Amino acid sequence: MSKASTPKAPDVAAQILFAMRNMGVVPIPRNYNLFYEAYIGSNPALTRELAALGTRATQEELDDLGSRYFDHTHGQLIEAARDKLNSELSALLVVLQHEQTCLENYNRILDETRAGIADKNQSSAHLLRTAISMLVEATGDKMTENETTFKSVDRHAEEMQQVRLELDEYKRIANTDSLTRLANRRAFDDKLASMYDTTMGLQFSALVLLDVDNFKRINDTFGHPVGDKILASVASVIRGNIRNDGFVARSGGEEFAVILEGNSQEEVQAVCERIRTALEKTPFRNSKSGIDYGQVTISIGCSMASQAQNPGELYARADTALYYAKETGRNRTVFFEEGMQKNYSGKSWLIYKQ
């Protein structure tokens, strides 16, 4: 394309956003960056892979492309800058609110002084009126200036509060799986990594991994759109059978993760069985066509946090238990026990952190 025919920047941005919207891609910075590089053709391999995703690109697939074609440090710098800005805005908001309180107190003191004049005798009232008149005259301009400052501070405080809310919303979107509306892999990584920030409560915390049984058969038989709807329904069943303080994420294609805190092993077992049996009894059929997709079940692997020394080991042990659940018949809950060995090249939590 010649220089004369090169689209203007706003046109390029509009075309990229239009393409993202058509693919159902969340318009966050890292996704825009990915589509921009594909649009300008800086990396033909990236352009081909992005096009191959079609109109069903998930956030996990997009993040995988980004991790392979871009330097992760760039994304980390953006995240760090956002967190730093959020922190500085919070601190500034506190200062402004403090200044607002000081101005309100100043006005209140003057009002109370004026009100006190009415309670004095005539002679005292005359002296007090003279004194307060001198004070008001000397500070009249300052009062007007303070009133203007007060209104300005109040307005800017509201603006910065709105900025902070928008940053919080961006973080929520960046950490949400677009298909299931659960926390995504990024949020899961962060939550899992934070479990060992303190040793308190580890004996009552657990990682639960859940994997839909025979999901490839579902996709191959009924197609990916049906598979996506089933995944969304499975997510709803899991979320509906866990207390609000439980952390639920879609950690992989058909794999989910739950982090429970403040539960004994018996209580974790009960939660897992409640999820498993609820899903087992859930009918999966198309309400319009009447097509019955059959029973959908889930295999569950668990490990108490006290059984591991760090997040990576905890994930590996829960994954081992999940493997055993799959290998011993599926549709069951298995807790990790010492001596279990996983003789296959499975995923490790470290892969998720790369």
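A few comments on the model shown:
- Here the simple spin-label model places points 7 Å from the Cα toward Cβ, and for T328 and A232 these points are separated by 3.6 nm.
- Computed lengthening from E313 to L53, 0.36 nm per intervening residue step minus Cα-Cα distance: 90.3 nm
- With the charge dipole of region 3-70 set up from +1 on Lys and Arg Cβ and -1 on Asp and Glu Cβ about the Cα centre, the Cα lying farthest toward the positive end among the listed residues A14, S67, V26 is that of A14.
- One quarter of the convex hull surface built on the alpha carbon atoms of region 185-353 amounts to 9.9 nm², the projected area averaged over directions.
- Relative intensity of region 204-244 on a log10 scale, I(q)/I(0) at q = 0.33 Å⁻¹, equals -1.14, per a Debye sum over C-alpha point scatterers of equal strength in the absence of solvent.
- Close amide H contacts of I298 (hydrogens built in the peptide plane, cut-off under 5 Å, sequence separation of 5 or more or a different chain): D213, N331.
- FRET efficiency for N43 and D220, using Cβ-Cβ distance with R0 set to 51 Å, rounded to 0.05: 0.95
- Rounded to whole Hz, the Karplus (6.51, -1.76, 1.60) HN-Hα couplings of region 25-36, x for glycine and proline: 8, 5, x, 9, x, 5, 6, 4, 4, 5, 5, 5
- Taken about its Cα centre, region 3-70 carries a charge dipole of roughly 260 debye when the Cβ of each Lys and Arg holds +1 and the Cβ of each Asp and Glu holds -1.
Bear in mind that the values in this text are calculations on the coordinates, not laboratory data. Since this is a predicted model, take the numbers as computed values, not measurements. Please note: Cβ atoms are built from the backbone with ideal geometry, for glycine as well, and neighbour counts cover all protein chains shown.
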